[in-house]
Amino acid sequence: MTDLLNLHIKEKMQTWKLEIEYEGTRYRGWQIQPEVRTVQGELAKAVADIFANKTEIGGAGRTDAGVHALAQIAHLRVYSMVKEVKPRQLIYALNDRLPHDINILRAKIVPNEFHARHRALSRQYLYQISTRRTAFAKNHVWWVKDKLDLQAMNQATKLLVGKHNFQSFCELENEKNSTEVNVNSAQLMTNKQMIYFRINARNFLWKMVRRLTGTLVEIGRGNLSVPEFEQMLKEKSNFSAQYTAPPSGLFLEKVFYPADEDSEDVTF
């Protein structure tokens, strides 16, 4: 009888893959936390207003307080659905209820086994540095006033590709967790007054991208050499903690999935 009941519930479950953009300035990050405003918390409130059923929301990455997303991926699972809800209906319903700085871009009905975090092949972050004061993008860049040696910064960026122990560039939540990360790609790009640091890996450590960015800027300022940076990739150093870049310039740019899961059928 129990097996039949479980089968019946599974048949009524519906799961969506959501692509979400958000401006993280007003939020204490993605993940739900007690008594503070988070992106996942706002999404959960919107979902609860639409569905009376039990639901589950999971994200591909936990962005920190003040960090933004161009394309966060989440799964939304609703149990015991009475009727199917089309992706377009869901997009309109959620966006009508979400704050102005959180927006559902795409939705797709996916198999119930889909999990936004576990199925992801890699995540890609983008950090924006402005070399001039800006009236319009204060919350989206780190304004660095000093003249930067871009050639030295680029040399250091190239050293990041491959498997390294990033113990010098993270803050550990659990001492037992591994600090090794295999970086698929890392690039430094410029466009007029903007400098962009893009990095792609399967997983990232807490504050890793911000500390790497801050350390690259110190290299650009001439306060740290490329060989010293390379040594920090080989041996633990506590220097990078003081170089942590502000969250304002950091974006979760894209999450990559297997090819058959990367296409979306509804765009808002």
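The lone criterion from (1) buried (at least 18 other Cβ atoms within 10 Å of the Cβ); (2) within 21 Å of residue 226 (Cβ to Cβ) left unmet by residue 189 is number (1).
Yes or no, residue by residue, for (1) under 17 Å from residue 197 (Cβ atoms); (2) modelled with pLDDT of 95 or more; (3) in contact with a strand residue (DSSP E or B) (Cβ under 9 Å, 6 or more places away or on another chain); (4) of a type in the set (Phe, Trp, Tyr):
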position	(1), (2), (3), (4)
150	yes, yes, yes, no
156	yes, yes, yes, no
160	yes, yes, yes, no
163	no, yes, yes, no
175	no, no, no, no
181	yes, yes, yes, no
185	yes, yes, yes, no
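Considering only residues in region 43-62 that are over 15 Å from residue 18 (Cβ atoms) and out of contact with any Lys or Arg (no Cβ under 8 Å at 6 or more places or on another chain), the one that is most open to solvent (accessible area, probe 1.4 Å) turns out to be 54.
Being of a type in the set (Asp, Glu), buried (at least 16 other Cβ atoms within 10 Å of the Cβ) and in contact (Cβ under 8 Å) with a residue 40 or more places away in the chain, is that true of even one residue in region 229-239?
Our first condition is that a residue be of a type in the set (Asp, Glu); within region 229-239, this holds for 230, 235.
Add one more test, that the residue is buried (at least 16 other Cβ atoms within 10 Å of the Cβ), and what stays is none.
Checked region 229-239: no residue is of a type in the set (Asp, Glu), buried (at least 16 other Cβ atoms within 10 Å of the Cβ) and in contact (Cβ under 8 Å) with a residue 40 or more places away in the chain.
Of everything in region 15-31 that is in a strand (DSSP E or B) and open to solvent by less than 50 Å² (accessible area, probe 1.4 Å), the residue that is farthest from residue 99 (Cα to Cα) is 15.
What residue, among those in region 126-175 that are part of a strand (DSSP E or B) and touching a Phe, Trp or Tyr at 6+ places or on another chain (Cβ under 7 Å), is most open to solvent (accessible area, probe 1.4 Å)?
Step one: of region 126-175, the residues part of a strand (DSSP E or B) are 126-130, 142-143, 162-165.
Subset that is touching a Phe, Trp or Tyr at 6+ places or on another chain (Cβ under 7 Å): 126-130.
On the way: 126: 14, 127: 0, 128: 38, 129: 3, 130: 3 Å².
Once the filter is applied, the top-ranked residue is 128.
Can you find a residue in region 71-82 that is outside any strand (DSSP E or B) and without any contact (Cβ under 8 Å) to a residue 12 or more places away in the chain? No, every residue in region 71-82 fails to be outside any strand (DSSP E or B) and without any contact (Cβ under 8 Å) to a residue 12 or more places away in the chain.
The values are calculated or read from the model by the stated rules, or taken from the named source; none is laboratory data. Predicted model only: the values in this text are computed from it and were never measured. Every residue, glycine among them, receives a Cβ derived from its backbone with ideal geometry; neighbour counts consider all protein chains shown. Protein only, heavy atoms only, side chains kept; ligands, DNA and RNA dropped before computing areas. Shrake-Rupley method; radii C 1.70, N 1.55, O 1.52, S 1.80 Å.
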